[in-house]
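> One structure follows; several queries about it will come next.
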Amino acid sequence: MSVLIIGDVGVLDGMFHIGDEAMFEVAVGELAERGLSPIGVSSNPPETAARYGIPALPRLGFAGLDRADAARRADHLLAVAAGSAELSPDDPAAEVFATLDGARLLVNAGGGNLATRWHSHVFERTTLARLARAKGVPVVVTGQTLGPDLDAPDDAAVARMLREAALVGVREPDTAALVDSWGLSATLNVDDASFLGLGLGAEGEAGESAPRGGVVVSLSGWFAGRPADQVEQHIAELADAAARTVGPVSFHAHFGPLDPAAPARGDAALHERIRQRMSEPSTVIPTGTSREAAALVHGADLLITGRYHPAVFAAPAGTPVLALSADRYTRIKLGGALGHWGQTGVLDLDELPDAPRRLETLVADTAAIRDEAAARLPRLRAASRQWWDRIAASARN
């Protein structure tokens, strides 16, 4: 039984986004484990097909469109589904239309968070869901952050998609509250990639712990309009304090070039600027794969991150996390990821001058943080397995 999965995947220009790929990788694995045949929707179908060993199709054609053109594109595709318009043979959506005819389920996976700031994702995800429903294909939404910025048209489109979905899974309490405000319900889960590479048995028990050591720093360049020089200097001072308090510091870009020899871009370029401001030595670990990224923070003594998925990987392993939020959106995501595991170490960028003191408190709480994660792990892993069981059942009904 074929299942169409859309995630924010496909390497472009040699740049790899670990978190988005991780959620997709988990979705593919969980569905295949339950006897289903995943088919991906990707920005780079040949690359995605080779990476995950599944068929992959092009996206619907919303990338790069402004709102007006995206609205016209959505209207056209929906008219095609209704039989009142035709799709040209070279239209990028042609393969998706053909595949939906034989699909048993559409899984709208994490990545491409649905907020007005990324309107193309809203148009693509909601339009694809309506195309699936027009063909009688059930829709599941999983691993989502919604909003918090959703203007009226986007709010209505996302609410409609959820209302018509067979299952809706969200990953933080703020998103669950937003869904509730629409008069709908959602299952609150941990992020779909939370257990990637954690080495769990069938009952959710953690395997033997590898030796820990050092500090991992994974940052995002989104400072929400704050002066970059000032923020980068404060982060460099925080990294120096971590090196002196905890141990050697390694920088790891979650959005960076796959080629370790390529010039630093994305998060890697930011890391280089911060390293130049530090007084303590540091090293760089190449971006690598999602599983390698997870293993890296599983084995760390401390994670400092402005990115979401380093926290998602670290918290289930009991790695203490000092998370740096730039705005309400990043605060919701980081706080949600840590809150599932009993951690509370989210620091606003404006509070960076106080970060070294917060770091000392966090390090002092390490034993309690690890114990709490271990206590929550079996329950949360079992809930995740049950969630994927429900998704698979949706394809068989």
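> Residues that are modelled with pLDDT of 95 or more, touching a strand residue (DSSP E or B) at 6+ places or on another chain (Cβ under 8 Å) and more than 30 Å from residue 302 (Cβ to Cβ): list the strands (runs of 3 or more DSSP E) wholly contained in the stretch 121-240 that include at least 1 such residues. Walk me through it before giving the result.
Values: elements: 139-144, 167-170, 215-218.
Those strands (runs of 3 or more DSSP E) span 139-144, 167-170.
> Turning to a different aspect of this structure: Please list, ordered by residue number, the helices (runs of 4 or more DSSP H) wholly in the stretch 1-112 having 3 or more residues that are farther than 14 Å from residue 131 by Cβ and either among the acidic types (Asp, Glu) or over 24 Å from the mean Cα position of the chain (by Cα) (or both).
Working: elements: 18-33, 45-52, 67-82, 94-100.
In the stretch 1-112, 18-33, 67-82 are the helices (runs of 4 or more DSSP H) which contain 3 or more residues that are farther than 14 Å from residue 131 by Cβ and either among the acidic types (Asp, Glu) or over 24 Å from the mean Cα position of the chain (by Cα) (or both).
> Related question: Of 9, 28, which residue is among the aliphatic types (A, V, I, L, M), surrounded by 22 or more Cβ atoms within 10 Å (Cβ to Cβ), touching a residue at least 40 places away in the same chain (Cβ under 8 Å) and not assigned by TED's automatic domain parsing to the domain that holds residue 310? Steps first, answer last, please.
Working: 28 fails: touching a residue at least 40 places away in the same chain (Cβ under 8 Å).
None of the other options fit; the residue is 9.
> Applying the selection to the stretch 36-54, what residues are touching a residue at least 40 places away in the same chain (Cβ under 8 Å) and either farther than 17 Å from residue 21 by Cβ or acidic (Asp, Glu) (or both)?
If the condition is that a residue be touching a residue at least 40 places away in the same chain (Cβ under 8 Å) and either farther than 17 Å from residue 21 by Cβ or acidic (Asp, Glu) (or both), then 36 is the only one that fits.
> Now, a different point. If you go through the stretch 373-397, how many residues are among the charged types (D, E, K, R) and over 27 Å from residue 298 (Cβ atoms)? So that I can check it myself, show each step before the final result.
Taking the stretch 373-397 as the starting set, the residues that turn out to be among the charged types (D, E, K, R) are 376, 379, 381, 385, 389-390, 396.
Narrowing further to those that are over 27 Å from residue 298 (Cβ atoms): 390, 396.
Qualifying residue count, the stretch 373-397: 2.
> Within the stretch 221-247, which residues are under 27 Å from the mean Cα position of the chain (by Cα) and more than 19 Å from residue 359 (Cα to Cα)?
221, 222, 223, 224, 225, 226, 227, 228
The values are calculated or read from the model by the stated rules, or taken from the named source; none is laboratory data. This is a predicted model, so every value here is computed, not measured. We place every Cβ from the backbone using ideal geometry, glycine too, and count neighbours over all the protein chains shown.
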